Amino acid sequence: MSPLRRPPLYEAHRALGARFVEFAGWEMPLAYAGVAEEHRAVRGRCGLFDVSHMGEIELRGPMAAALCQRLTVNDVSRLRIGDAQYTLLCSPEGGVLDDLIVSRLGRERFLLVVNAVNTASDLAWIRSHAGRGVEVVDRSAEVGLLALQGPEAEFVLRPLTAAALGPMRPFTVLQTVVAGRDVVLSRTGYTGEDGFEILAAVSDLPAVWDALLEAVRRRGGLPAGLGARDTLRLEAGLPLWGADMDARTTPLEAGLGWVVKLRKPDFVGRAALVAQDAAGVRRRLVGLELAEPGVPRHGHAVWGNGEAIGHVTSGIRSPTLGTYIGLAYVAADWAAPGTAVTVAIRDRRVPARVVARPFYRRVREGG
């Protein structure tokens, strides 16, 4: 077994008293003060995450856009320089190989931020489809990624950059300077809150982390680990690759049909997804809210009318809502919000109902 990899900021996390966990072959901070406390800090103020385990792949050259368009389900032709989009890599059978964010940094330059567990396989998949006119560059070892999240994220970042943050819309990206270091800054995240992700060279990462953490603490925020990242994303109804979707599930089953542009020119997986769209899916990923205490765990059976109709993929006690929630695949006939089901937790059947995602949505000013 290969030794666990450590992020560039590992010693900084140790100094902060982090508890570590193995994740996708990395030793990453699970929590510092505590998952619930960090979760509430992000919801109410702000939090700073180290997500340097994520993979970063660049496509460069005159055929870079064409390769992106061929391999991803969203429409890359819509991206102007400085735009980003959420998208998926699919197999020819329509299964989700990974979910990722594609950013257009230049006319012939694209950045793909992929899941840590899939970095090597994504890289191999992309290179197997790349022809002349495109260079595929793995930048994962030379850069690190930080996520500044929460309703006060913009206020935290303002003193550390000359970039105009106000006009930055969600899923926009720019190359700028933060804390005196060159970075790629995007208005993206995985928490259901406003926020930014900051990509910096490994050598610059400590200075950027220290400056951001000091600013976060001035606003009453906290460093946050993967535990809070998971509870935040689940409240926001965001699926996690490897838990809520994988190569055996399709985007249409996972509720991600909105990102699949079936009308664009041929892409890997299109024929299978067109066929499934026409026939209708047999199962759907839904939100569940339990009527009684009990955490739904991955693999727990979901029952309806005395028969198994699906299984749980993720579940938590929601720190924001105080309820027990989860994601589950259920037969399509059972997927309508309000449908009563039960979840098998240990030796009991806990009553639950199907609910719309997200479980939590921030009410924004004016909205």
> Does the range 264-287 contain at least one residue that is buried (at least 24 other Cβ atoms within 10 Å of the Cβ), farther than 21 Å from PRO159 by Cα, polar (S, T, N, Q) and modelled with pLDDT of 95 or more?
Replying inline: no
>> What's the total number of residues in the range 87-103 that are in a strand (DSSP E or B) and in contact (Cβ under 8 Å) with a residue 60 or more places away in the chain?
In response: 10
> Do you know which residues across the range 142-167 are within 20 Å of the chain's Cα centre (by Cα) and either of a type in the set (S, T, N, Q) or over 15 Å from LEU48 (Cα atoms) (or both)?
Replying inline: VAL143, GLN149
> Within the bounds of the range 112-128, is there any residue that is closer than 24 Å to ARG263 by Cα and within 16 Å of the chain's Cα centre (by Cα)?
Replying inline: yes
> Quick one: what pairs do we get from the range 180-209, first residue without any contact (Cβ under 8 Å) to a residue 24 or more places away in the chain and closer than 10 Å to LEU148 by Cα, second assigned to a loop (DSSP other than H, G, I, E, B) and of a type outside the set (D, E, K, R), C-beta under 9 Å, 6+ apart or different chains?
Replying inline: ARG187/LEU165; ARG187/MET168; ARG187/PRO170; ARG187/PHE171
>> What's the number of the only condition in (1) touching an Asp or Glu at 6+ places or on another chain (Cβ under 9 Å); (2) crowded, with 16+ Cβ neighbours inside 10 Å that LEU213 fails to meet?
In response: (1)
> When only residues in the range 126-152 that are outside any strand (DSSP E or B) and out of contact with any helix residue (DSSP H, G or I) (no Cβ under 9 Å at 6 or more places or on another chain) count, which is nearest to ARG187 (Cα to Cα)?
Replying inline: ARG139
>> With the structure loaded, tell me whether GLY227 is in a helix (DSSP H, G or I) and under 14 Å from the mean Cα position of the chain (by Cα) or whether it fails that test.
In response: yes
> Does the range 197-208 contain any residue that is at pLDDT 95 or above, farther than 28 Å from VAL330 by Cβ, assigned to a helix (DSSP H, G or I) and touching a helix residue (DSSP H, G or I) at 6+ places or on another chain (Cβ under 8 Å)?
Replying inline: yes
>> Would you confirm, using the coordinates I've provided, whether ARG80 is out of contact with any Cys (no Cβ under 7 Å at 6 or more places or on another chain), closer than 23 Å to ASN118 by Cα and of a type in the set (Lys, Arg)?
In response: no
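The values are calculated or read from the model by the stated rules, or taken from the named source; none is laboratory data. This structure is a prediction, so every number in the text was calculated from the model and none was measured. Quick reminder, even Gly has a Cβ in these numbers, built from the backbone with ideal geometry, and neighbours come from all protein chains shown.
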